[in-house]
Each structure stands twice: as C-alpha cells, then as structure tokens.
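Here the structure comes first, spelled out in structure tokens, and everything after it is commentary.
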Amino acid sequence: MRDITVLSGGMGGAKFLRGLLHGISSRTLPHVHPDARVTVVANTADDIWLHGLKVCPDLDTVMYTLGDGIDPDRGWGRRDETWSVKAELEAYGVEPTWFGLGDRDVATHLVRTQMLDAGYPLSKVTAALCRRWQPGVTLLPMTDDRVETHVAVADPDSPSGRRVIHFQEYWVRLRAQVPVEALAFVGLDQATPAPGVLEAISGADLVILPPSNPVVSLGTILDVPGVRDAVRTTPAKVVGLSPIVGGEPVHGMARQMLTAIGVEVSAAGVGRHYGARRSGGLLDGWLVDETDADAVAGLQVSGLDAAAVPLMMTSPEATAAMAAAAVQLVAGA
Ligand code: FO1
C-alpha cells in the first residue's frame, strides 16, 4: 500500500496520525510501503469565527501535532503559548471570553483570515500554512465552504425551551455537561468536497477512520455530499478504529453525540453505525479494544471483519501498533 487517506477530527485523529507516520517511518506497518503517502481529510464543522478571525480547530490540531507545534498537555493550540491577547480582550469586556485564544495561535488565524479575505479558498490557505509546519501529510479541509455544527440545548428561559449554540460553546463553555437536544450542521447539505478530497478517497489503497468522534468529526466529513459514496465505492480497503472503549469514549463528547443520534455508545454500536461494505456500509474492517473482544463475533456476523487489540494511544509506538493491526485486518480481506 502506498496511498493512505485518513478522515480526521481533532485530537483523536491527530494522535492516530502521529502513530501512523511513526509506523511508516519505522517500517513496522505490514503491507505499507516505506514511502507511503498520507492524505488527511479534516473536519471543518468545528470551525468558528471569533473576533473577526476564522479558527479551524481540527485543521490546526492536525497541523500543529504533526508539525510538532502542539501543546502536548492540552492537545490543542500551541506549545509555549502565552495569553496576552485573550487577557486584553477580557479587559475590554469583549465576549466570548470562554474560548482559549493563545497569542501564537492568533497569528495562524490572522494569516488564515487575511488569505480568506484575499479570496483564497480554505484548501489553499491550509496548504500555505502547512508550508511552514511541514506536517508530512497532505492536509485537506473536507470542504472549502462554510459549515458549522450547532447544538440545541435546553433553555427554560426561552419560549421554545431550547437555545442553539455553536459547537465550540457547547464543548468549551458548557464542557458538554448538558444533553444535546438536537444537532444542526449548518451549510453541510450545500457543501462541496474540497479539491482533491474525492480523488484522495477513490485513489487510495487504504482509507482509515481513526478514533475520532463518529458524529461531529467523522460524521460531518462523511456527510459532505459525495464523500460517503466515495468511501463506499473506493477500490481501497476501508478500516475503522473504535473511539469507544469499554462502553466509554476515550476522549471528548462522543457519548452525548451518539446518544443525540440514537446510536448505542459501544464499540459494536459505532461499528454497526458505519456499517459493513458488504451490506451497503462503509467498512471492510473494524478494530475494537481488547475490553470489547466479546463484540467481535457479533460484528463478524454483521459482515464486518473485526478484531480486538489494545486501542489506547498511549505513545506513538502503541498507536503505530494499532495502525499495523488495522492494516493487517483488511490487507488480507
Ligand atoms: N478546547 C477547550 O477545551 N478549551 C479551549 O479554550 C479551546 C480553545 C481552542 C483554540 C483553538 C483551537 O484550535 C482549539 C481549541 N480547543 C479548545 C479545542 C477545540 O474545542 C476542538 O474543537 C475540540 O478539541 C474538538 O475537536
């Protein structure tokens, strides 16, 4: 295998990619060429306009992580960050104050916004930013069009009993501590895949769905018109890794999001949600954690090649082993 395409959200996808690249460079991935090329199709529905700046959390998390600029503890934003701009905005009483805009990170948003204002599409802006960061992958936004995930939450003070907020407010300010009443993916139905996205899927030898949020990260990428069909019909093998281990999401708010769309919060539930290609779904193979080994037989029955391996991305080496298991699962199939 030489051409690998990874659909990616934020932290989970970025961590997986670091392990995948480690596996390629250390030649520990069976069936994968040492010069394998990786294309990342990143979620942009988390994006938010703040203080006149376009912030692209999932694109930046992948770019900073693979470019070694990420803050390793937070998993987002820049290492060695300072917060003077944020403090000054607060001093002016300018909202939102709940979103952590770091000084170094602001420079990325200034360059991006300047280029967008000059008429460059997000895909070209991302390529320009990556010339500095050299992430070692081709990083593509899922679309150049504006898409935003909005979340309806209960609000006793409003006549409808609900209010709609941006995904970032739900995740960052509310810490996902309230149930999701409904989700709206504003602009998604009218979005067009960014240049190179469909080709990256149909021309790949392997397509990977890493342990990102199946609803607001991978779900949004798949729901860009044309993308799901491209995954369904690509000659590549398609393999996914469960973001749910032992009935709990490893990180983030997958529980709230899966519940909102009526999908069981389990490794098997997410695997069935993506579906087996044999029955019109997306996956040739689905990796679950060892704690969910009892789900393998049932998944096999539903037409999915499944295996149980350690899925905690505790180090690039551990993640590379996950990537190797994913390749192994589908290479023979
Ligand atoms: N996540 C937080 O939990 N708190 C923040 O203040 C925060 C700021 C932030 C700024 C830039 C950026 O690229 C990401 C940021 N994130 C923050 C992460 C962001 O919410 C991501 O969307 C999530 O990680 C989900 O992908």
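The values are calculated or read from the model by the stated rules, or taken from the named source; none is laboratory data. In this text the structure is predicted, and so the values were computed from the model without any measurement. Please note: Cβ atoms are built from the backbone with ideal geometry, for glycine as well, and neighbour counts cover all protein chains shown. Quick note on the areas: whole protein, heavy atoms, side chains included, nothing else; ligands and nucleic acids left out. Shrake-Rupley method; radii C 1.70, N 1.55, O 1.52, S 1.80 Å.
Structure notes:
- For Gly69, the criteria (1) open to solvent by 40 Å² or more (accessible area, probe 1.4 Å); (2) among the small types (Gly, Ala, Ser); (3) in contact (Cβ under 8 Å) with a residue 12 or more places away in the chain hold in every case but one, which is (1).
- Screening Val250 on (1) aliphatic (A, V, I, L, M); (2) open to solvent by 40 Å² or more (accessible area, probe 1.4 Å); (3) without any contact (Cβ under 8 Å) to a residue 60 or more places away in the chain shows it passes everything except condition (3).
- Residues satisfying the stated conditions in segment 281-333, i.e. touching a helix residue (DSSP H, G or I) at 6+ places or on another chain (Cβ under 7 Å), part of a helix (DSSP H, G or I), open to solvent by less than 10 Å² (accessible area, probe 1.4 Å) and closer than 19 Å to Pro30 by Cα: Thr319, Ala320, Met322, Ala323
- Across segment 86-98, the number of residues qualifying as open to solvent by 50 Å² or more (accessible area, probe 1.4 Å) and outside any helix (DSSP H, G or I) comes to 5.
- Set Leu116, Leu110, Leu101: member being outside any helix (DSSP H, G or I), more than 22 Å from Pro210 (Cβ to Cβ) and not hydroxyl-bearing (Ser, Thr, Tyr): Leu101
- The sole residue among Thr126, Thr138 that is under 23 Å from the mean Cα position of the chain (by Cα) and open to solvent by less than 20 Å² (accessible area, probe 1.4 Å) is Thr126.
- For the residues Arg163, Arg272, the requirement of being surrounded by fewer than 24 Cβ atoms within 10 Å (Cβ to Cβ) and outside any helix (DSSP H, G or I) singles out Arg163.
- The requirement of being without any contact (Cβ under 8 Å) to a residue 40 or more places away in the chain and within 10 Å of the ligand (Cβ to nearest atom) is fulfilled somewhere in segment 86-96, by at least one residue.
- Among (1) more than 19 Å from Asp223 (Cα to Cα); (2) assigned to a loop (DSSP other than H, G, I, E, B); (3) open to solvent by 40 Å² or more (accessible area, probe 1.4 Å), the one test that Ala176 misses: (3)
- Index of the failed condition, Ile4 passing every other in (1) of a type in the set (Val, Ile, Thr); (2) within 14 Å of the ligand (Cβ to nearest atom); (3) over 12 Å from the mean Cα position of the chain (by Cα); (4) buried (at least 24 other Cβ atoms within 10 Å of the Cβ): (2)
- When we screen Asp189, Asp145, Asp157 for residues that are more than 16 Å from the ligand (Cβ to nearest atom) and surrounded by 15 or more Cβ atoms within 10 Å (Cβ to Cβ), the only hit is Asp145.
- Residues being more than 22 Å from Val41 (Cα to Cα) and touching a residue at least 40 places away in the same chain (Cβ under 8 Å) - total across segment 102-136: 2
- Residue check for Asp80: under 24 Å from Asn213 (Cα atoms) and either open to solvent by 20 Å² or more (accessible area, probe 1.4 Å) or within 15 Å of the ligand (Cβ to nearest atom) (or both): no
- A single entry from Pro235, Pro225, Pro210 fulfils the requirement of being within 18 Å of the chain's Cα centre (by Cα), open to solvent by 10 Å² or more (accessible area, probe 1.4 Å) and either modelled with pLDDT of 95 or more or of a type in the set (A, V, I, L, M, F, W, C) (or both): Pro225.
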